[in-house]
1. With the checklist (1) within 15 Å of the ligand (Cβ to nearest atom); (2) buried (at least 16 other Cβ atoms within 10 Å of the Cβ) in hand, flag the one item GLY168 doesn't pass.
2. Can you tell me how many residues in segment 195-205 are over 17 Å from the mean Cα position of the chain (by Cα) and surrounded by 19 or more Cβ atoms within 10 Å (Cβ to Cβ)?
3. Residue by residue through segment 132-165, note down the ones that are within 16 Å of the ligand (Cβ to nearest atom), open to solvent by 20 Å² or more (accessible area, probe 1.4 Å) and either closer than 18 Å to LEU387 by Cα or among the acidic types (Asp, Glu) (or both).
4. If a residue has to be among the hydroxyl-bearing types (Ser, Thr, Tyr) and at pLDDT below 95 to count, how many in segment 191-248 make the cut?
5. Select from segment 36-72 the residues that are within 16 Å of the ligand (Cβ to nearest atom) and on the phi > 0 side of the Ramachandran plot and write down the one among them that is most open to solvent (accessible area, probe 1.4 Å).
6. For a quick check of your reading of the model, give me the residue pairs whose first member lies in segment 28-40 and is assigned by TED's automatic domain parsing to the domain that holds ALA305, whose second is open to solvent by 10 Å² or more (accessible area, probe 1.4 Å) and near the ligand (Cβ under 10 Å from one of its atoms), with beta-carbon atoms closer than 7 Å and at least 6 apart or on different chains.
Amino acid sequence: MQSDERRAFMREAFRTRFGREPEYWVRAPGRVDAMGSHTDYNEGFVLTLSIDRDSWIAAAPRTDGRVCAESMNVAGRHAFEIDGGVETRVSGWAIYVQSVAQVLRQEGLAFPGCDLLVHGTLPLASGLSSSASLEAAAALLFASLGGFALEPVRAAKLCQRAENEVVGVQCGILDQYSSILGEAGSALLLDCRHLTHAYAPIPDDLQPVICDTRAPRELSGSAYGERRASCEAGVRVLAGRIPGVTALRDVTSAQLAEYASELDPTVERRCRFVLEENERVHGLARALAADDRGAIGALCAQSFAGARDLYEISVPAMEAMLEAILAAPGVVSGRQAGAGFGGCMLALVEAQRVDDFVASTADSYAHATGTVPGIHAVRSAVGAGLLSA
Ligand code: GLA
């Protein structure tokens, strides 16, 4: 759907649902990581792309301090008081809107209530940050309603805090940073310690393709927290041996090898994956800059092998999808994306062969697993912003 059609479609739905015209429009994209799994909460690096699948919100202010929220993707109305506190917690997707409202209020930022309608083009709960895009869009909306500016890195940190403290998912900064600070035409080489980034352009004739396994995944489940705990356990031991270590970011592969015998073997494997993955982020940025397709393919293959064997975030559906990707025409690389445990993967494909790639990957994966996957070519898109009214 074109932007103007989407706008007309939402405007009509807003009138029907709320009986008036929307006055504020915001959008925020999802993201896919090209390299750097589980490095963000280790203060490491990620090569991330904000994508042209996103969440839009249309809204109109209210005078009673309430937010009434509906989505065009999921049925039902959710309502909460901006100053209502945790006892009025909403359920489902609206928690991402409410959590941001709460964190902004904790910061002393004032804004009126509103009626709001969400329309999203991201598959939900499949590792493309549909929730972070909703948080980012909500933060921008509340800033516009309140007439205050939110500096982008601060906005990303507040959205992460909303997810950590209110929603209760201990995610890193990757998703929110990508959704707010993403750039069209380039990946970002994100430094998760300093919260800065450099541009890392992807060659024009290399097409990112999202390959959704449609295997169910649950990020707030224990597996994600358990991976984080392994990294923290590793840091505790290594910090006692190596001066100046506060995160895996500070540890070299040689140092990890030196103290490997002091670590629980599972912890050692997980730490090793994170250190190698950080190195691969820089390696992939260089390979993309040089358009070295052999290196791009090899780095992504190593990343997937590490995700499967060391970090243990792969599931059979991901292995089947990788096999389908690597057998398809035009493929340059394939690897996991997001937290893993199912969800989406990312292939880089020769642009002129994308249609054949999509047909072949969908067919082989469906044949192997009995599940019809979602295979979508995407473009990098600019981070969250206002749409003119
Ligand atoms: C999820 C989290 C991110 C990041 C990735 C793994 O998407 O929300 O913070 O940890 O997993 O890289």
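The values are calculated or read from the model by the stated rules, or taken from the named source; none is laboratory data. What you see is a predicted model; the values in this text were computed from it and never measured. Cβ sites come from the backbone with ideal geometry, for glycine too, and all protein chains shown count toward neighbours. Accessible surface is based on the protein model in full, side chains and every heavy atom, while ligands, DNA and RNA are left aside. Shrake-Rupley method; radii C 1.70, N 1.55, O 1.52, S 1.80 Å.
1. For GLY168, the exception is condition (2).
2. The number of residues fulfilling the criteria is 2.
3. The answer is GLU165, and nothing else.
4. 3
5. Within segment 36-72, the subset within 16 Å of the ligand (Cβ to nearest atom) is 36-51, 53, 55.
Within this subset, residues satisfying the condition of being on the phi > 0 side of the Ramachandran plot are 36, 38, 43.
Values: GLY36: 2, HIS38: 10, GLU43: 62 Å².
By that ranking, first place goes to GLU43.
6. From segment 28-40, no pairs qualify.
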